[in-house]
Amino acid sequence: MAELPIWQYDTLFLILVLLFGITALAMQNLMAAAIVFGAYSFLMCLIWTTMGAVDVAFTEAAVGAGVSTVFIFATIYNTGVCAKPKNPRLAFKLFAGLICFVTGAFLLSALSDFPNWGDPYSPVNSTISPYYIENTIRDTHVPNIVTTVLADYRGFDTLLETAVVFIACIAIYSILRVDAAKSKVVEPDIVTSPPAYDPTDSLIIRQASRIMVPFMQIFALYVIAHGHYSPGGGFQGGVILGASIILLCISFDLKYVLRQWTEKKIMILTSLGVLIFATVGLACVIMGGEYLNYEVLDPILPGDKAYARSHAILLVEIGVGITVMFSMIGIYINLASNGRFDRGL
Amino acid sequence: MEEFIDKFNYVLVVILMMTGLWSMLAQNNLIKKCIGMAIFQTGIILFFISIGAKNNALIPILTETANHTYNDPNVNEVTNPLTQILMLTAIVVGVATLGVGLALAQKVHQQNDSFDEDEILNNQTK
């Protein structure tokens, strides 16, 4: 044991992460808890970068530190920030703590069976994964192994994960969406609690985001299109595209954005992404191969069989990007306007 | 002690997961429960990513370096891509489920005017 087998920075970050997580749960003010949770996600993103998981870090930076914090904000905006418990129920908390402690002790008792951190010869690293590292270039000409496995070798799973995002979006619509014109229920508590939006008070923010949004969108398109050669892909690019529209919703007005992106358009485009993905799979069947076996698309797409797979990955990533983008926008608008699509954060 | 240092990541995974679990069980506030769920999830993600990490390895994007060529990579110098992909989609699905959780919490708040579990239960039994 001459050299330390773990990364010192990681140890530091891990301890910091734990502190941030506990702080986020201990905060009484929900707004502060959401901000600390954003910082927690960002530290996680640093940890994953140091462990070599750049794609995961990218996703976490866009999703965990960005969009999910905004979702929590949107909920708090409609409900209020304080979380002071009326009766603390100390005995129950201690009991729950005991349950967690015992479960954790059982999990830790298996510690000696795990391979060391960073061991390249552990079962996880030496059985299946070398195949993908060695054959990705030969099969698809794509250097980013993560993108290849995501959209090609493991295409079924990604198709269904995209469908899960789509279904979650529909679920949120069905939970929250109310037609403001038809709804008889008046909810004055929501109208009075947040400070009213004043369109004249944030000139700097509006102008700054007006300049930023096009660059964000170009960067997101680059992330989707260049996902074969660099960290990124449909999920990350889609989330950034969604975040650019969410930024417009926050800095301007929800109505301003809804004039361009009507509810109908958002719903159609959310399903269009899954449809593109599924159609690419169906095209493979029509061309005489298995579902999502891109190799048989060789006659339609330029290049040899490997390049056909590479191009099909791009098509699939575009589908994923569209679904994720509009799901994020749909979820945000529902949460921020309490399902009424009239005003928001 | 040496084992503890070698496997520090797993220790932290367990602590994070149990923190999230405790929050889901014991916190009264529904938003706190959602945050606890997200922390539990990052614990699992950390487990997968750290089990696939390799000492002195490069990111899973192939390049030409001194030790390996583009077509014939040195497996021990590239981080395990499989665990990363599993977690990549898990993060995106995680934010979608977080959104569903928050939407449910918001609906509950609409009807009970509170995030506090005890108050909600009192309203229900009244």
Scope region A:102-127; condition on the phi < 0 side of the Ramachandran plot and at the interface with chain B (Cβ under 7 Å from one of its Cβ atoms); matching residues: A:T103, A:G104, A:L107, A:L108, A:L111, A:S112, A:F114, A:N116, A:W117, A:P120, A:V124, A:N125
Residue under evaluation B:V100, criteria (1) at pLDDT 90 or above; (2) within 29 Å of A:A336 (Cβ to Cβ); (3) crowded, with 21+ Cβ neighbours inside 10 Å, criterion not met: (3)
Residues of region B:23-48 satisfying the condition of being farther than 19 Å from A:F71 by Cα and modelled with pLDDT under 90: B:A26, B:Q27, B:N28
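For a quick check of your reading: which helices (runs of 4 or more DSSP H) sit entirely within region B:19-126 and have at least 3 residues that are of a type outside the set (G, A, S) and facing chain A (nearest Cβ under 7 Å)? Working first, answer last.
Numbers: elements: B:30-52, B:81-112, B:117-125.
By residue number, B:30-52, B:81-112.
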Meets criteria (within 21 Å of the chain's Cα centre (by Cα) and within 30 Å of A:I204 (Cα to Cα)) for A:I240: yes
Residue in region A:102-123 that is among the small types (G, A, S), touching a residue at least 40 places away in the same chain (Cβ under 8 Å) and buried (at least 17 other Cβ atoms within 10 Å of the Cβ) present: yes
Exclusive hit being surrounded by fewer than 21 Cβ atoms within 10 Å (Cβ to Cβ) and either within 14 Å of another protein chain (Cβ to nearest Cβ) or modelled with pLDDT of 90 or more (or both), set A:V285, A:V320, A:V316: A:V285
Every pair of residues 6+ apart whose Cβ atoms lie under 8 Å, when the first sits in region A:246-267 and is under 20 Å from A:I170 (Cα atoms) and modelled with pLDDT of 90 or more while the second is crowded, with 17+ Cβ neighbours inside 10 Å and of a type in the set (G, A, S): A:I266/A:G330; A:M267/A:G330
Test result for A:T148, in contact with a Ser or Thr (Cβ under 8 Å, 6 or more places away or on another chain), under 20 Å from B:I85 (Cβ atoms) and within 9 Å of another protein chain (Cβ to nearest Cβ): yes
Members of region A:159-188 that are surrounded by fewer than 11 Cβ atoms within 10 Å (Cβ to Cβ), part of a loop (DSSP other than H, G, I, E, B) and modelled with pLDDT under 70: A:A181, A:K182, A:K184, A:V185, A:V186
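Answer with yes or no whether A:S271 is under 22 Å from B:A90 (Cα atoms), part of a helix (DSSP H, G or I) and out of contact with any Gly (no Cβ under 9 Å at 6 or more places or on another chain).
Values: under 22 Å from B:A90 (Cα atoms): yes; part of a helix (DSSP H, G or I): yes; out of contact with any Gly (no Cβ under 9 Å at 6 or more places or on another chain): yes.
Yes; evaluated as a whole, the condition is true for this residue.
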Lone qualifier among B:T69, B:T89 - being of a type outside the set (D, E) and more than 30 Å from B:N29 (Cα to Cα): B:T69
Complete set of residues in region A:5-64 that are outside any helix (DSSP H, G or I) and among the polar types (S, T, N, Q): A:Q28, A:N29
Evaluation of A:T79 against (1) at the interface with another protein chain (Cβ under 7 Å from one of its Cβ atoms); (2) touching a Phe, Trp or Tyr at 6+ places or on another chain (Cβ under 7 Å); (3) under 18 Å from B:G36 (Cα atoms) (one fails), failing number: (3)
Residue count, region A:59-76 (criterion: at the interface with chain B (Cβ under 7 Å from one of its Cβ atoms) and either at positive phi or of a type in the set (G, A, S) (or both)): 2
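The values are calculated or read from the model by the stated rules, or taken from the named source; none is laboratory data. Worth saying up front: this structure is predicted, and the values here are computed from it rather than measured. FYI the Cβ positions are ideal-geometry reconstructions off the backbone, even for glycines, and counts take in every protein chain you see.
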